[in-house]
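Colleague: Here it is, the structure, as structure tokens.
The values are calculated or read from the model by the stated rules, or taken from the named source; none is laboratory data. Fair warning: this is a prediction, and the values are worked out from it, not measured in the lab. Glycine gets a Cβ as well: all are built from the backbone with ideal geometry, and neighbour counts include every protein chain shown. Accessible surface areas use protein heavy atoms only, side chains included; no ligands, DNA or RNA. Shrake-Rupley method; radii C 1.70, N 1.55, O 1.52, S 1.80 Å.
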Amino acid sequence: MADVEATAAAKPNGKKETVEGFASESGDEEIGIVNKSQPLKQDLRNRHMQMIAIGGAIGAGLFVGSGSALSAGGPAALVIGYIIIGIMLLFTCQALAEMAVLFPVNGAFFTYVVRFVDPSWGFAIGWDYAISWLTVLPFELIAAGITIRFWREDINIGVWIAVFLVVLSIIQIFGVRGYGEVEFVLSMIKIIACTGFIILGIVINCGGVGNRGYLGAQYWHDPGAFRNGFNGFAGVFVVAAFSFAGTELVGLAAAESANPRKAIPMATKQVFWRIAFFYVVNLFILGLIVRSDDDRLLGASGANTKNSPFVIAIQDAGINVLPSIFNAVITIAVISVANSCTFGSTRTMQALAERGMGPAFLAYVDKQGRPLNCIAIQIAFGFLAFVAESADSSKVFGWLLALSGLSYFFVWGSICLTHIRFRYAWQAQGYTLEQIPYKPTFGVYGSYIGLALNIICLIATFYSALYPTPDATPSAEAFFQSYLAAPVVIALYLGWKLYSRDWRLYIPVEEMDLKSGARLHVPDPDEVIVEKTWGNLPLRIARGLF
């Protein structure tokens, strides 16, 4: 086995110190850093991380976009599609958590792809991820403005865009702590709303509210559990991917967590609850109380909250005040996602710049741990929201969002692939699993399943982009609005290959850097190691998820 002590001592100014069961092994700086900056401030607490994991990405994708998915695929396709994406995200987040606890370095999954797969692929994934968040921000600002029209249609949307943009800018003054506190409060509100809707949905379904009587599962029979065949089922994946976007932010926040060893595993376990409870249960009940052939669902996109299936369900039940309350929740959810945009894009751009994969000025971090130049770029993109006042706004943002919808499949698939490569190199270089502080319940096998599901989703999305409905004919414009991220990623990948002149497809195992920034686990000699058997498998799975 590799002698960890020897390798640490052999490095210039290398050091190895044990703190709370960790053996941290590092040199002066991580390999590949060319624009060294001030460190990011480690100011996120456990409660912040858990709320970011549970409710950080719950936004218009769930509350509004799920309506278009229900209309396209039917209630059964809606639930099954979200379950598939949810399982994929569960394995992906667990794989990311293992690497984030062991290597709580800046850039998270982008850095891991560069170190364990290929720098060119890391460059492509990193910039595609940053671009997706940059372009989502103006969309979310417009969405927040549109939600206000639920009450006031007489006020120009530009007024609300300006207000929300100022609020986001103020949050950035307080750095990562400001992001964490805002997400903590807003996520609590979203969790309460989701829980309340589940209870209300059960009451509506049982005939306790409204004049429709007992509904049961009649909408699964008429108009049916599935709509538009496989075309409708495939179309659910795109909406589901957009709804789950941001789940990986937990790993990105590792570098700014005060205690990543405890915070990240706890937050990762919350992902299971978010998938099972806040998505699957909510959408299952939604399919029981809203008809999938309701014409109002055809407008359920963006932040058109009047066409939100949640609001429609409440209105059809004859409840007068609650639609306004739930619309306020949607407004809060949209602002929360906009807040996540600034965090996801700025931290990724700063990490890219540190490695020389972006303009050097983006690597700057001030003494308060804020990547100010990156924040300025993100806020500047926010001004694109004022395009909403033009006649061509829908077409403009249709193309902007085309950059983000599919990119998450590339990101999540790359995380799973990176974990597979990391585990292979970890064993090949002589390390043991006991030195890894946190290990996923399903190990590397979960990453294989996650990678396979990502590939399947990419294929299904490709088919849906060509044939959104059974009688559709392929359209170049419709295809690229759904699949634009793919050629962008390929162009970024080939561009860095040409620039770097590194034509290798992947980094050889013996050249992988497994030392820089590593925080190895030091097993307690008195620790009782439970043998893994088929008999205790259910208990081990339960402990890994709860």
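Colleague: So between residue 222 and residue 167, what do we pick up on full extension, going 0.36 nm a residue minus the alpha carbon distance?
Modeller: Going from the current span to full extension adds 15.2 nm.
Colleague: Measuring from centroid to centroid over Cα atoms, what is the spacing of region 66-98 and region 464-522 in Å?
Modeller: 21
Colleague: Oh, and also: Taking the highest mean first, how do the peptides 241-247, 446-452 order by number of other beta carbon atoms within 10 angstrom per residue?
Modeller: Result, highest mean first: 241-247, 446-452.
Colleague: In terms of solvent-accessible area of protein heavy atoms at a 1.4 angstrom probe, what is the ranking of 434, 181, highest value first?
Modeller: I get 434, 181, largest accessible area first.
Colleague: Using modelled amide H (1.01 Å from N, peptide plane; none on Pro or chain starts), what sits under 5 Å from the amide H of residue 520, excluding residues fewer than 5 places away?
Modeller: 23, 24, 25
Colleague: Within region 111-168, report the trypsin sites (Lys or Arg not before Pro) that DSSP leaves as loop and that have at most 12 other Cβ atoms within 10 Å.
Modeller: Qualifying residues, ordered by number: 152.
Colleague: Could you work out the Rg to Rh ratio of region 286-372, with Rh taken as the Kirkwood radius (inverse of the mean 1/r over all Cα pairs)?
Modeller: Rounded to two decimals, Rg/Rh equals 1.27.
Colleague: While we're looking at this one, here's another question. Obtain the nm distance between the two label points defined at residue 214 and residue 276 by a simple spin-label model: each point lies 7 Å from its Cα along the Cα-to-C-beta direction.
Modeller: Distance between label points: 2.9 nm.
Colleague: Could you rank the peptides 138-146, 197-205 by their average count of other C-beta atoms within 10 Å per residue, with the highest value first?
Modeller: Packing order, densest peptide first, comes out as 138-146, 197-205.
Colleague: How many angstrom lie between the Cα centre of region 306-363 and the Cα centre of region 416-432?
Modeller: Using only Cα atoms to place each centre, the spacing works out to 35 Å.
Colleague: Between residue 491 and residue 367, what length comes free when the chain is fully extended (0.36 nm per residue of separation minus the Cα-Cα distance, one decimal in nm)?
Modeller: Result for the pair: 41.0 nm of gain on full extension.
Colleague: May I ask which of 262/497; 269/515; 269/367; 367/439; 190/367; 439/515 have a Cα-Cα span longer than 29 Å here?
Modeller: From the list (262/497; 269/515; 269/367; 367/439; 190/367; 439/515), the Cα-Cα distance tops 29 Å for 262/497; 269/367; 367/439; 190/367.
Colleague: If you don't mind, there's one more thing I want to ask. With labels modelled as points extended 7 Å from the Cα through the Cβ direction, what inter-label distance (nm, one decimal) is found for residue 463 paired with residue 154?
Modeller: Output for this residue pair reads 5.2 nm.
Colleague: Using 7 Å Cα-to-Cβ label points, what is the residue 473/residue 230 separation (nm, one decimal)?
Modeller: In this crude spin-label approximation the distance works out to 2.2 nm.
Colleague: Residues of region 173-203 with backbone nitrogen within less than 11 Å of a virtual label 7 Å along the Cα-to-Cβ line of residue 319, please, listed as ranges.
Modeller: Residues 193-203 fall inside that zone.
Colleague: Let me ask another. Would you mind getting me the FRET efficiency between residue 189 and residue 502? Use the beta-carbon distance for r and R0 = 41 Å, nearest 0.05.
Modeller: E between residue 189 and residue 502, to the nearest 0.05, is 0.30.
Colleague: Tabulate in residue order the Karplus-calculated ³J(HN,Hα) for region 483-499, using 6.51 cos²θ - 1.76 cosθ + 1.60 with θ = phi - 60°, rounded to whole Hz; enter x for Gly and Pro.
Modeller: Per residue, the Karplus-derived 3J(HN,Hα) values read 10, 5, 4, 4, x, 5, 4, 4, 5, 5, 4, 5, x, 6, 4, 5, 5 Hz.
Colleague: Okay, moving on. Using the beta-carbon distance between residue 262 and residue 448 and R0 = 35 Å, what value does 1/(1 + (r/R0)^6) give for FRET efficiency, to the nearest 0.05?
Modeller: Computed FRET efficiency for residue 262 and residue 448: 0.80.
Colleague: Can you give the three extents of the C-alpha atoms in region 145-249 along their principal axes, from longest to shortest, in whole Å?
Modeller: In descending order, the Cα extents are 53, 34, 30 Å.
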